[in-house]
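The values are calculated or read from the model by the stated rules, or taken from the named source; none is laboratory data. The structure presented is a predicted model; accordingly, all values stated were derived computationally and were not measured. Please note: Cβ atoms are built from the backbone with ideal geometry, for glycine as well, and neighbour counts cover all protein chains shown. What goes into the accessible areas is simple: the full protein's heavy atoms, side chains included, and nothing from ligands, DNA or RNA. Shrake-Rupley method; radii C 1.70, N 1.55, O 1.52, S 1.80 Å.
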Amino acid sequence: GYRTDLGPKLGTTFQYMNIGGMNRSVQLGALINQRLNYSTIDPLRRKEASSLLEYNLSASFTEGDIFNTDTSYTLGLSQQRRRFYPFDADIQRISNTFSRTFTKNTSASIRHQLEKINQWNGTTPDQNGQFRIGSLAPNFTWDLRNSQTLPTKGAFFNLSTELANPLL
């Protein structure tokens, strides 16, 4: 594909579901793009803009319906290189998510995520550095639609928050 802000993009996803008939799945994804337009980068960095390839590599494993409790677990990993307005960054993530379906219409989840961020090529030296951020994100969903895949009436409500701190 092509986006006017990101340039040409190429992506793929591989997913294997219901491994061994045990409701387990694995997903691998890759996305790469090459910016041809640097208008979304700080003007002070545009002159030095190189042909940096941006990418996002991801993998996840899901164990569904743990102990017949309607609870599932997902482990996610990702590695990303991305250009932001004032700097470039390499971001590594690992996340653990527990999800539970309570009724046909209600579900909840909680995710713990740890990110390691390496910022470089900043407009100013204080924008360069390494950071570690941990977060907890509880989520509650109430789905009143007549169909999850092709709804024609109803409502969908989602409440979530994220608490982030380097100690998490």
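Observations on the structure shown:
- Residue count for the range 10-26 under the criterion of being under 30 Å from ASP70 (Cα atoms) and either small (Gly, Ala, Ser) or open to solvent by less than 70 Å² (accessible area, probe 1.4 Å) (or both): the result is 5.
- Criterion (within 30 Å of GLN148 (Cβ to Cβ) and out of contact with any Cys (no Cβ under 9 Å at 6 or more places or on another chain)) met by exactly one of THR40, THR101: THR101
- For the range 32-54, the set of residues classified as open to solvent by 70 Å² or more (accessible area, probe 1.4 Å) and either touching a residue at least 40 places away in the same chain (Cβ under 8 Å) or under 21 Å from the mean Cα position of the chain (by Cα) (or both) consists of LEU44, GLU48, LEU53, listed by residue number.
- No other residue among PHE87, PHE67, PHE102, PHE14 is more than 15 Å from the chain's Cα centre (by Cα), closer than 25 Å to PHE131 by Cα and not charged (D, E, K, R) apart from PHE87.
- In the range 153-166, the qualifying residues are those that are open to solvent by 80 Å² or more (accessible area, probe 1.4 Å) and in a loop (DSSP other than H, G, I, E, B), and the one that is farthest from PRO86 (Cα to Cα) is LYS153.
- Residues in the range 81-140 that are among the basic types (Lys, Arg) and under 27 Å from PHE67 (Cβ atoms): ARG100, LYS104, ARG111.
- Breaking point among (1) in contact with a Phe, Trp or Tyr (Cβ under 7 Å, 6 or more places away or on another chain); (2) without any contact (Cβ under 8 Å) to a residue 12 or more places away in the chain, for THR103: (1)
- Residues (farther than 19 Å from GLN34 by Cα and hydrophobic (A, V, I, L, M, F, W, C)) located in the range 6-22: PHE14, MET17, ILE19, MET22
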